[in-house]
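This report refers to the structure that appears directly beneath it.
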Amino acid sequence: MTPLQKAKDLMDNGQYMSAVIILQNINGLSPKSENYRLLFMSNCWYKLEEYQWAIDIANNVLQKDEYNEIASQIKYLSYCELKDFDNALAEIIHFLSFNEADLYKVTLEELLTDIRDGFINDEDIVSKIKELALKNNCFE
């Protein structure tokens, strides 16, 4: 079993710190495997409630793979946990401005509900979220 697979198995069993230790010591991976290593590490830090580290590592993934919706979503969710809703919205808007939604479809639907319920009021943000929802065939 490769160290990357061992770390994934630990993550699947909720042993995130053990997975991080393995992930931090893996070197010499192919670019694709290195992206997985970073993505796994970002997810572990998110699960361990180290949200800024999760954001920083997800940023590294997105610099190499701007289409990585999982990395973007880890950033979005981490910003939400930090109660940094401006950056959370900025992340989803930025990602979806250049990519189609897959995992983000549910999030878009939730944001449309928040708009309807009056939790999001900024006209520019409301307009952009509605535009992205329409582009991605998401409806409340």
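Restricting attention to the range 35-49, does a residue exist that is modelled with pLDDT of 95 or more, open to solvent by 60 Å² or more (accessible area, probe 1.4 Å) and basic (K, R)?
yes
Sort out which residues of the range 18-38 are among the hydrophobic types (A, V, I, L, M, F, W, C) and within 16 Å of K6 (Cβ to Cβ), and write them in order of number.
Selection gives A19, V20, I21, I22, L23, I26, L29.
Sort through M1, M41, M11 and tell me the only one that's assigned to a loop (DSSP other than H, G, I, E, B) and either free of Cβ contacts under 8 Å to residues at least 24 places away in the same chain or touching a helix residue (DSSP H, G or I) at 6+ places or on another chain (Cβ under 9 Å) (or both).
Criteria check complete, one pass: M1.
Among the numbered criteria (1) under 11 Å from the mean Cα position of the chain (by Cα); (2) at pLDDT 90 or above, which single criterion is violated by E81?
E81 satisfies all of (1) under 11 Å from the mean Cα position of the chain (by Cα); (2) at pLDDT 90 or above except (1).
Within the group L23, L62, which residue is surrounded by 13 or more Cβ atoms within 10 Å (Cβ to Cβ), closer than 15 Å to F95 by Cβ and among the aliphatic types (A, V, I, L, M)?
L62
Just give me the residues in the range 101-122 being part of a helix (DSSP H, G or I) and either in contact with a Gly (Cβ under 8 Å, 6 or more places away or on another chain) or open to solvent by less than 30 Å² (accessible area, probe 1.4 Å) (or both), in sequence order.
Within the range 101-122, Y104, T107, L108, L111, L112, I115 meet the criteria.
Given (1) assigned to a loop (DSSP other than H, G, I, E, B); (2) under 26 Å from L132 (Cα atoms), identify the lone condition not met by E49.
Of the numbered conditions (1) assigned to a loop (DSSP other than H, G, I, E, B); (2) under 26 Å from L132 (Cα atoms), the odd one out for E49 is (2).
In the set D9, D56, which member is more than 23 Å from E81 (Cα to Cα), open to solvent by 40 Å² or more (accessible area, probe 1.4 Å) and among the charged types (D, E, K, R)?
Exactly one of D9, D56 is more than 23 Å from E81 (Cα to Cα), open to solvent by 40 Å² or more (accessible area, probe 1.4 Å) and among the charged types (D, E, K, R), namely D9.
Here is a list of conditions, (1) more than 11 Å from the chain's Cα centre (by Cα); (2) open to solvent by 40 Å² or more (accessible area, probe 1.4 Å); (3) over 29 Å from L134 (Cα atoms), and A90 meets all of them except one; can you say which number that is?
(3)
Identify the residue in the range 65-87 that is of a type outside the set (S, T, Y) and not in a helix (DSSP H, G or I) and, among all such residues, is least open to solvent (accessible area, probe 1.4 Å).
Selected residue: N68.
The values are calculated or read from the model by the stated rules, or taken from the named source; none is laboratory data. Everything numeric here is computed off the predicted structure, so don't read it as measured data. Because the Cβ atoms are built from the backbone with ideal geometry, glycine has one as well, and the counts that use them run over all protein chains shown. Note: accessible area is taken over every heavy atom of the protein model, side chains too, but ligands, DNA and RNA are not part of it. Shrake-Rupley method; radii C 1.70, N 1.55, O 1.52, S 1.80 Å.
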